[in-house]
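**Student:** Below you will find the structure I want to go over with you.
The values are calculated or read from the model by the stated rules, or taken from the named source; none is laboratory data. Small disclaimer: the values here were computed from a predicted structure and weren't measured. Here the Cβ positions follow ideal geometry from the backbone for every residue, glycine too, while neighbour counts run over all protein chains shown. All accessible areas refer to the heavy atoms of the entire protein, side chains included, with ligands and DNA or RNA removed. Shrake-Rupley method; radii C 1.70, N 1.55, O 1.52, S 1.80 Å.
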Amino acid sequence: MPCDGQSSDKRLGRGEAWGSLAGGGSFQLNRRPLVRALLASAAIAAALALAGCDTDGTTSAVNGRHMQPLSDRMQAEIESKNMAKESPILVRIFKEESELEIWKQDKSGRFALLNTYPICRWSGELGPKIKQGDRQAPEGFYTITPGLMNPNSNYYLAINTGFPNAYDRANGRTGAFLMIHGDCSSAGCYAMTDEQIAEIYALARESFFGGQRSFQIQAYPFRMTPLNMAKHRDSPHMAFWKMLKEGYDHFEVTRAEPKVDVCEKRYVFDAESSGKFSAVDRCPAYKVPEDIATAVRDKQRRDDVQTAELTNRGTPTVPVKTGVDGGMNATFLTAVKSRGGPGATIHTAAGTIPPHVNPPGFEPAAETMSASTLSLASAESKPAYGARSSVQVASAVPGSSSGVGSFFSNLFGSKAEDSRATQPAEASASKSKPAASAAKTGHSAASASRPKSAPPPAETKTANAAAARPSSSKQDAEPEKNAGNAPGVLNGAAPTVSSNAFDNRFGAWN
């Protein structure tokens, strides 16, 4: 099942920000921890009261996974690295290595690596997402506001990347609702285990509570090292990747979140200008601070020399097309293969792999293939999860859209930024029905055995999704459960906010 498509996320108009809960006062959350704690308590109490009016009679959004505290282990790790629980975060994603990094600002004001999470599943090939339905996970620089956090995802929890951003739109790239979520199944998204997304979500939540208005996701095809640039030198995406590497280098030399603008249909990093940046228009006159520009130039010069040396030595190139759908970190791939393939719940140190997950390019034995283990026709047919690790302390049962979910959404406001709020969503990929006979006739795992064209990632199972519907299309659109009637969701389907343009979303804070 695909990942970019409809979403049931729906905003409430109540309480645009903290001020609405305290007589409209303006607060600096990161400077007033006691006030912040008192306001949070009041807001949660109000959310609980509102939840009592929920006619659905469910309160898992109030009790649920999106408010799980950070584990003692993670809090100790944060303290050991001279960080504060509420300090800002930054996310980097590397497809080829199947890794997601969480960086956090330490008390010196610079970002330091907090943790690296193995990615359980991503789909497509290396390269950017170009069009709706291509199953590509996005690459680029994305800005995440509280409105893009979804506590009621069908895939445990989800963070909308905000694709398409200003760069994507300027270059005619299409698609929507590309997520980082749980359930370890993807068709256009970055899928983690439920335990992992619970911790990542909590880290983002705490940074928002600490006053961070948005955090950056930097999504790369691979670590932008000279060796990798040499190995991928034949890729048609190399010009795009060199542009991404510039932003990568800015972060590497400064350990600060690069300011990202778009003009002339390209990214510009740490640019200072009195003019206005427009994604499709000519760039205004700008300059990059000299210390940053010098450090970036020196790094790029060293990297280019090493890349040229590796190329001259005959470093072999890698195939542009792998012939398999996406990737899975070796930690999880080994665990699945050691069990003979998908079909059983697998517990690893990094989290739980559900039975419906197919590794890329993996073809299970014919006798192990069945519609029950290789497809997810509905929430009802989804295999029950086994015991969770200590990181996960709440039920994975889909939650109500009321309660603290709407508190968190209202806490930061959810004003629409542009007309893309009404952007048509991609149609959900129909669930194919792989069968043992398909394997016997030699169909590859990428076609015959891919559940739902890769198990459902993103954000929704519609009511009609309860029955499996055969289809040859493989898109990356995942409709969100209970579409249209989720008043308190954390706006996982909120429109993308272009880089450096969040004032109207957070107007109540000013």
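**Student:** So how many residues does the range 337-362 have that are under 19 Å from E195 (Cα atoms), hydroxyl-bearing (S, T, Y) and surrounded by fewer than 20 Cβ atoms within 10 Å (Cβ to Cβ)?
**Tutor:** 2
**Student:** Just to be sure I understand, how many residues within the range 179-202 are charged (D, E, K, R) and within 15 Å of H356 (Cβ to Cβ)?
**Tutor:** Final tally of qualifying residues: 2.
**Student:** Still on this structure, I have one more. Could you pull out the residue among T294, T352 that is touching a Gly at 6+ places or on another chain (Cβ under 8 Å) and β-branched (V, I, T)?
**Tutor:** T352
**Student:** I'd like the full set of residues that are touching a strand residue (DSSP E or B) at 6+ places or on another chain (Cβ under 8 Å) and of a type in the set (K, R), limited to the range 246-269.
**Tutor:** Correct list: R255, K259.
**Student:** Now a separate question. Any idea which of (1) outside any helix (DSSP H, G or I); (2) surrounded by 21 or more Cβ atoms within 10 Å (Cβ to Cβ) is the one R233 doesn't satisfy?
**Tutor:** (2)
**Student:** Could you please find all residues in the range 73-83 being in a strand (DSSP E or B) and either in contact with a helix residue (DSSP H, G or I) (Cβ under 7 Å, 6 or more places away or on another chain) or closer than 27 Å to A330 by Cα (or both)?
**Tutor:** none
**Student:** A further question follows. Say we look at the range 207-230 and pick out the residues that are in contact with a Lys or Arg (Cβ under 9 Å, 6 or more places away or on another chain), of a type in the set (A, V, I, L, M, F, W, C) and open to solvent by 10 Å² or more (accessible area, probe 1.4 Å); which of these is nearest to D298 (Cα to Cα)?
**Tutor:** Result: M229.
**Student:** Going by the structure shown, is Q75 at pLDDT 95 or above, open to solvent by 40 Å² or more (accessible area, probe 1.4 Å) and touching a strand residue (DSSP E or B) at 6+ places or on another chain (Cβ under 7 Å)?
**Tutor:** no
**Student:** Of the conditions (1) open to solvent by less than 10 Å² (accessible area, probe 1.4 Å); (2) farther than 30 Å from H347 by Cα; (3) outside any strand (DSSP E or B), Y142 satisfies every one except a single condition; which number is it?
**Tutor:** Tallying (1) open to solvent by less than 10 Å² (accessible area, probe 1.4 Å); (2) farther than 30 Å from H347 by Cα; (3) outside any strand (DSSP E or B), Y142 fails exactly one: (3).
**Student:** Can you tell me which residue is farthest from the chain's Cα centre (by Cα) among those in the range 267-292 that are outside any loop (DSSP other than H, G, I, E, B) and in contact (Cβ under 8 Å) with a residue 12 or more places away in the chain?
**Tutor:** By that ranking, first place goes to K287.
**Student:** Conditions: (1) acidic (D, E); (2) buried (at least 16 other Cβ atoms within 10 Å of the Cβ); (3) in contact with a helix residue (DSSP H, G or I) (Cβ under 7 Å, 6 or more places away or on another chain). E252 meets all but one. Number of the miss?
**Tutor:** Unmet condition: (2).
**Student:** Among the numbered conditions (1) assigned to a helix (DSSP H, G or I); (2) out of contact with any strand residue (DSSP E or B) (no Cβ under 7 Å at 6 or more places or on another chain), tell me where Q196 comes up short.
**Tutor:** (2)
**Student:** Tell me, yes or no, whether the range 185-195 has at least one residue that is at pLDDT 95 or above and closer than 21 Å to P88 by Cα.
**Tutor:** No: the range 185-195 contains no residue that is at pLDDT 95 or above and closer than 21 Å to P88 by Cα.
**Student:** Could I ask something else about it? Give the range 166-206 a look and list any residue that's of a type in the set (S, T, N, Q) and surrounded by fewer than 24 Cβ atoms within 10 Å (Cβ to Cβ), or say none.
**Tutor:** Within the range 166-206, N171, T174 qualify.
**Student:** A further question on this structure: Restricting to the range 108-121, and then to whatever is closer than 21 Å to P258 by Cβ, open to solvent by 10 Å² or more (accessible area, probe 1.4 Å) and not polar (S, T, N, Q), can you tell me which residue is nearest to the chain's Cα centre (by Cα)?
**Tutor:** Applying the filter and picking the extreme gives L113.
**Student:** Here is a follow-up. Working only within the range 84-100, note down all residues that are open to solvent by 10 Å² or more (accessible area, probe 1.4 Å) and either assigned to a loop (DSSP other than H, G, I, E, B) or touching a Lys or Arg at 6+ places or on another chain (Cβ under 6 Å) (or both).
**Tutor:** A84, K85, E86, S87, P88, E96, E97
**Student:** Given the conditions (1) open to solvent by 80 Å² or more (accessible area, probe 1.4 Å); (2) within 24 Å of P226 (Cβ to Cβ), report the number of the one that Q300 does not fulfil.
**Tutor:** Tallying (1) open to solvent by 80 Å² or more (accessible area, probe 1.4 Å); (2) within 24 Å of P226 (Cβ to Cβ), Q300 fails exactly one: (1).
**Student:** Examine the range 131-138 for a residue that is in contact with a strand residue (DSSP E or B) (Cβ under 8 Å, 6 or more places away or on another chain) and either part of a strand (DSSP E or B) or open to solvent by less than 20 Å² (accessible area, probe 1.4 Å) (or both), and state whether such a residue exists.
**Tutor:** yes
**Student:** Please specify each residue of the range 105-146 satisfying the condition of being in contact (Cβ under 8 Å) with a residue 60 or more places away in the chain, more than 17 Å from N160 (Cα to Cα) and of a type in the set (S, T, Y).
**Tutor:** Once the filter is applied, which keeps residues that are in contact (Cβ under 8 Å) with a residue 60 or more places away in the chain, more than 17 Å from N160 (Cα to Cα) and of a type in the set (S, T, Y), the range 105-146 yields only Y117.
**Student:** Would you pick out the residues in the range 145-158 that are among the aliphatic types (A, V, I, L, M) and assigned to a loop (DSSP other than H, G, I, E, B)?
**Tutor:** Of everything in the range 145-158, just one residue is among the aliphatic types (A, V, I, L, M) and assigned to a loop (DSSP other than H, G, I, E, B), namely L157.
**Student:** So, one more: Name the pairs whose Cβ atoms lie under 7 Å apart, with the first residue in the range 234-252 and of a type in the set (S, T, Y), the second surrounded by fewer than 17 Cβ atoms within 10 Å (Cβ to Cβ), and 6 or more positions between them or separate chains?
**Tutor:** Close Cβ pairs (under 7 Å, with a partner that is surrounded by fewer than 17 Cβ atoms within 10 Å (Cβ to Cβ)) amount to S235/V320.
**Student:** Within the range 296-327, track down each residue that is assigned to a helix (DSSP H, G or I) and not polar (S, T, N, Q).
**Tutor:** V296, R297, D298, K299, R301, R302, D303, D304, V305, A308, E309, L310
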